[in-house]
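First comes the structure, then the notes that go with it.
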Amino acid sequence: MAKPVINYKGYMADNPADRTGPKICVPQIVDRNQVLTLEQIVADAIDRGLIAGLKSSAAKSIADGVMLQLGRTLNGGTGVIFGEFFAVRPYLTGTIENMLAPITSANKLRVRFVPGSEYKLDGAEFSFHNVTESESVPEITEVVPSGVGSASGTWSAEHDLNIIGRNLKLAENDVVALYNCTGETPVKVSDLMPAEFTSVTDVMLTLPQSYLEEHPTLPAKLGLKVVKKITVDGIEQTIESNMYVATKAA
């Protein structure tokens, strides 16, 4: 059975531990419109036989009745415990001057939902998907020399090198990082600036044969990664593509 998918986005926010320092990026769940009403929950429970002796047509009156009584109870200053599932309790916001100080207008009375042991969520049971639209993450899907009959996943000093994928177009401060991948750990060799490519589009970057010819010490296993600078909420961030390793053609 496929795991439920939780869509999220990253938002820049003040660091609660240091509000004068750099902002931090926090994940927040999106698709909040994907919810069920209490009426639908009750109706589904009736259909599954979890609430015996009732018809689905009674779901609305049951849901409304429970919520009205819950509201009346909370407004009476009493919390409600729903077994091992959750509790609903009134609480106060803000601070007071000292342990004996009275409540002021800065202290608001609110309601808090407290999950119980039966409602604890296990992150391992979900799949998480980042849907941030402001960040077009680059991806390299193929690297192939321009020569006829050249094999994908190789590079040659005798041909231009085409880097193929999506969201590859380079801005002024973006680079293609080159790595030596002959060992167990990739070692960065250099950064290629946009001006070093003869073709720069969203789907393909072309590194001219002249560059490869002029750099005979490039490693046999050449790692390539597109690195972009983006600004979100006034904060500059770096996003990187996957590492693609091309082997020097024999």
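General remarks:
- Along principal axes, Cα extents of the chain, largest first, whole Å: 82, 54, 32
- Surface share of carbon and sulfur [accessible, 1.4 angstrom probe, percent] for the chain: 54
- The angle between the Cα long axis of helix 59-74 and the main principal axis of the chain comes to about 80°, on a 0 to 90 degree scale.
- Per residue of the chain, the DSSP helices (runs of n ≥ 4 H) give a summed -39500 (n - 2.57) that works out to -4000 deg cm²/dmol at 222 nm.
- Mean Cβ count within 10 Å, highest first, over the residues of peptides 153-165, 5-17: 153-165, 5-17
- Projecting the Cα atoms of 220, 192, 6 onto the charge dipole of the chain, computed from C-beta unit charges around the Cα centre, puts 6 farthest toward the positive end.
- Heavy-atom surface of the chain, accessible at 1.4 Å and reported per residue (Å²): 67
- Centroid-to-centroid separation of the stretch 5-79 and the stretch 89-103 [C-alpha atoms, Å]: 27
- Temperature 4 °C, viscosity 1.567 mPa s: under these conditions the Stokes-Einstein estimate for the stretch 156-239, based on its Kirkwood radius over C-alpha pairs, is 95 µm² per second.
- Folded to 0 to 90 degrees: helix 38-47 orientation relative to the chain principal axis, Cα: 90
- Across 23/229; 23/188; 3/188; 55/120; 9/225; 9/221, pairs whose alpha-carbon gap is larger than 26 Å: 23/188; 3/188; 55/120; 9/221
- Three-way shape label, the stretch 46-139, alpha-carbon gyration tensor, a/c 1.5: oblate
The values are calculated or read from the model by the stated rules, or taken from the named source; none is laboratory data. Model, not experiment: these values are computed from the prediction. Note that each Cβ is placed from the backbone with ideal geometry, even for glycine, and that neighbours are counted across all protein chains shown. Quick note on the areas: whole protein, heavy atoms, side chains included, nothing else; ligands and nucleic acids left out. Shrake-Rupley method; radii C 1.70, N 1.55, O 1.52, S 1.80 Å.
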